[in-house]
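The values are calculated or read from the model by the stated rules, or taken from the named source; none is laboratory data. Quick caveat, the model's predicted, so the values are computed rather than measured. We place every Cβ from the backbone using ideal geometry, glycine too, and count neighbours over all the protein chains shown.
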Amino acid sequence: MPDFTTLRYTLEGPVATLTLDRPEVLHALNAVMFDELENAFTTLAADPAIRAVILTGSGDRAFAAGADIRALAETDAATGLAASQRGHQVFALIQSHLEAAGKPVIAAINGVALGGGCELALACTLRIASDKARLGLPEVKLGLIPGYGGTQRLTRLIGRSAALRLMLTAQIIDAPEAFRLGLVDEVAPAADLLPRANALAQTIASMAPLAIAGVLEAVARGEDQPLAQALTTEAHIFGRLCATADKQEGLTAFLAKRPALWQGR
């Protein structure tokens, strides 16, 4: 992994942790951070030793406070379009590169996740929030809309009405309300957030790698397909996995009551 100026990187077995690290601006997303996230996501996706990724912010105040407001203030129609498209491009790497390689990304939301920061969390596979976290998409207060995928991902995650209420009122919600809405999957005490995220990541990493990739693929492909087509997609992935060495090892290990030794083939 290259040296970064806005990110920190650590590794614990098959689990990599990326930490947003611009504490002076609560990890606001700027052009340098987008470039470094792109580099990190691409590098991690290509590393066969990495099985899961945790994304969090340094300290206990913020996951990411949003986009860089000073940079936004200087945008016009053309540069604003480019900025939105750049956010889409980088956040899409989580699904197109990491998840496509069978590596889920867990957002450990350790503080405020607002605007672009909330959108980054929405792009992740799973989300665990500290009990001190606060989340929202308050862009209408700035005369804008969420521009890094929030209007689409939030709606798909929690439903049209609940998503519209949050975005149209610029409401910022606490972690229990985010859990109630389905925006986050779990709430943990602040001191337990990273251990809980790591435990979840390690559990996923202990499963059959091709099967993990298959689940992610089936969901990603099927969510935009009619049910009949999505079921056909699922059946083909299931059939493909039935011909793998990992499937044979998984069944053999289960019958022998021993841990499986996955080969990823």
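Numerical summary
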| item | result |
| --- | --- |
| Failed item, numbered, when Leu114 is tested on (1) out of contact with any Phe, Trp or Tyr (no Cβ under 7 Å at 6 or more places or on another chain); (2) within 30 Å of Arg265 (Cα to Cα); (3) not hydroxyl-bearing (Ser, Thr, Tyr) | (2) |
| Segment 125-171, residues that are in contact (Cβ under 8 Å) with a residue 60 or more places away in the chain and either touching a Cys at 6+ places or on another chain (Cβ under 6 Å) or surrounded by fewer than 24 Cβ atoms within 10 Å (Cβ to Cβ) (or both) | Thr125, Leu126, Lys132, Leu142, Leu144, Gly147, Gly149, Arg156 |
| Evaluation of Ala190 against (1) of a type in the set (A, V, I, L, M); (2) touching a Leu at 6+ places or on another chain (Cβ under 6 Å); (3) surrounded by fewer than 18 Cβ atoms within 10 Å (Cβ to Cβ); (4) touching a residue at least 24 places away in the same chain (Cβ under 8 Å) (one fails), failing number | (2) |
| Qualifying residue in segment 42-58 (condition: at pLDDT below 95 and over 26 Å from Ile212 (Cβ atoms)) | no |
| Contacts under 6 angstrom Cβ, first residue in segment 1-23 being within 18 Å of Ala46 (Cβ to Cβ) and assigned by TED's automatic domain parsing to the domain that holds Phe63, partner surrounded by fewer than 14 Cβ atoms within 10 Å (Cβ to Cβ) and modelled with pLDDT of 95 or more, 6 or more apart | Thr17/Thr10 |
| Which numbered condition Asp35 misses (of (1) surrounded by fewer than 22 Cβ atoms within 10 Å (Cβ to Cβ); (2) closer than 24 Å to Asp131 by Cα) | (2) |
| Residue within segment 97-104 that is out of contact with any Gly (no Cβ under 9 Å at 6 or more places or on another chain), under 17 Å from Ile204 (Cβ atoms) and either outside the structural domain of Ala71 (by TED's automatic domain parsing) or not in a helix (DSSP H, G or I) (or both) present | yes |
| Matching residues in segment 57-87 - criterion: being in a helix (DSSP H, G or I) and surrounded by fewer than 16 Cβ atoms within 10 Å (Cβ to Cβ) | Ile69, Arg70, Ala71, Ala73, Ala77, Ala78, Thr79, Gly80, Leu81, Ala82, Gln85 |
| Matching residues in segment 254-265 - criterion: being free of Cβ contacts under 8 Å to residues at least 40 places away in the same chain and not in a helix (DSSP H, G or I) | Lys257, Arg258, Pro259, Leu261, Gln263 |
| Qualifying residue in segment 75-94 (condition: of a type in the set (A, V, I, L, M), modelled with pLDDT of 95 or more, within 25 Å of Arg156 (Cα to Cα) and touching a strand residue (DSSP E or B) at 6+ places or on another chain (Cβ under 7 Å)) | yes |
| Where Glu119 falls short, out of the listed (1) in contact with a Lys or Arg (Cβ under 8 Å, 6 or more places away or on another chain); (2) in contact (Cβ under 8 Å) with a residue 40 or more places away in the chain | (2) |
| Residue list for segment 159-201, filter: part of a helix (DSSP H, G or I), of a type in the set (Asp, Glu) and farther than 15 Å from Thr56 by Cα | Glu177 |
| Leading residue by the ranking (surrounded by the most Cβ atoms within 10 Å (Cβ to Cβ)) among those in segment 202-253 that are among the small types (Gly, Ala, Ser) and outside any helix (DSSP H, G or I) | Ala208 |
| Selected residue [more than 21 Å from Glu12 (Cα to Cα) and either touching a residue at least 24 places away in the same chain (Cβ under 8 Å) or assigned by TED's automatic domain parsing to the domain that holds Leu18 (or both)] from Ala52, Ala65, Ala45, Ala40 | Ala65 |
